[in-house]
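Below: the structure, in structure tokens.
The values are calculated or read from the model by the stated rules, or taken from the named source; none is laboratory data. The structure presented is a predicted model; accordingly, all values stated were derived computationally and were not measured. Cβ placement follows ideal geometry from the backbone for every residue including glycine, while neighbour counts extend to all protein chains displayed. Remember, those area values only see protein heavy atoms, side chains included, never the ligands or the DNA or RNA. Shrake-Rupley method; radii C 1.70, N 1.55, O 1.52, S 1.80 Å.
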Amino acid sequence: IVKNMTHTFLLHPHNAEHRQSCHDHIKALDDDKPWKVIVSEYVKDRSVEANSAYWAGTIAPAAEQLGYESAELLHRMVCAELYGTTKIAFAGKVHEVPNRTTTTPTTMSRKEFSDHTERAAALLTAQGVTLPSRDHWFTGT
């Protein structure tokens with residue numbers, strides 16, 4: 001087994017071959033080292049389309065309309081508004097940072113990200129932003 005390599009096994013229902021491969025891998029681990037094995041239910045990550053819809057269909061147009069040079073900065077401001085902030089001292093100054101973003105402290109599930117996108121769109125439209133319809137997200141029209 002290659003050192004410092006992480007293996008992820010996706011065990012599908014009724015697929016003995018994948019389960020056996022995982023079992024064989026664990027059985028082959030060096031007995032002279034401690035190993036960390038985590039087993040959890042598989043939850044599919046958010047889709048590329050959902051991520052693109054959030055950034056290209058919500059945050060980018062809102063940043064442009066509100067005069068933000070950075071879509072990332074607006075994203076952090078939206079997260080701060082939706083999830084509150086914490087004060088952090090750094091370099092002799094106190095900064096307010098969002099308690100939660102779409103990837104911190106953990107990556108949002110599909111449902112959480114969908115809810116976040118809806119809440120972000122509602123917040124931005126309440127600020128006077130006009131968001132493009134889904135038909136125009138990737139066409140630029």
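Positive end of the dipole of the chain (Cβ unit charges, origin at the Cα centre): among GLN20, CYS79, HIS95, the Cα lying farthest that way belongs to HIS95.
Taking GluC sites (Glu not before Pro) as candidate sites, keep only those in a DSSP loop with at most 14 other Cβ atoms within 10 Å, then name the longest stretch of the chain containing none of them. That would be 70-141.
Other residues with beta-carbon under 13 Å from the beta-carbon of HIS12 carry, at +1 per Lys or Arg and -1 per Asp or Glu, a net charge of 0. Convex hull of alpha carbon positions in the chain: directionally averaged projected area 14.0 nm². Rg and Dmax over the alpha-carbon atoms of the range 22-102 stand at 20.7, 60 Å. Using only Cα atoms, tell me the angle between helix 16-27 and the longest principal axis of the chain; keep it within 0 to 90° and round to the nearest 10. Taking Cα atoms only, the helix is inclined about 70 degrees. Based on protein heavy atoms only, the range 1-114 ends up with 78 Å² per residue of surface accessible to a 1.4 Å probe. Under the criterion of Cα pairs below 8 Å and six or more residues apart, the relative contact order for the chain equals 23 percent.
Take the Cβ atoms of LYS44 and GLU69, set R0 to 25 Å, and the FRET efficiency comes out at 0.15. State the percentage of accessible surface on the range 1-100 attributable to carbon and sulfur atoms; use a 1.4 Å probe and exclude ligands, DNA and RNA. Within the range 1-100, the accessible surface is 53 percent carbon and sulfur.
Give, as a single signed number, the net charge of other residues whose beta carbon lies under 12 Å from the beta carbon of ARG110, with Lys and Arg counted +1 and Asp and Glu -1. The answer is -1.
Of all segments of the chain bounded by trypsin sites (Lys or Arg not before Pro) found in a DSSP loop with no more than 10 other C-beta atoms within 10 Å, the longest spans 45-141.
Charge dipole of the chain (Cα centre as origin; +1 on each Lys and Arg Cβ, -1 on each Asp and Glu Cβ, all else neutral): 280 debye, rounded to the nearest 20. Of the chymotrypsin sites (Phe, Trp or Tyr not before Pro) in the range 40-94, the ones in a loop by DSSP (not H, G, I, E or B) with at most 10 other beta carbons within 10 Å are TYR42.
Backbone amide hydrogens, once placed in the peptide plane, bring THR85 within less than 5 Å of ASN99, excluding anything fewer than 5 places away on its chain.
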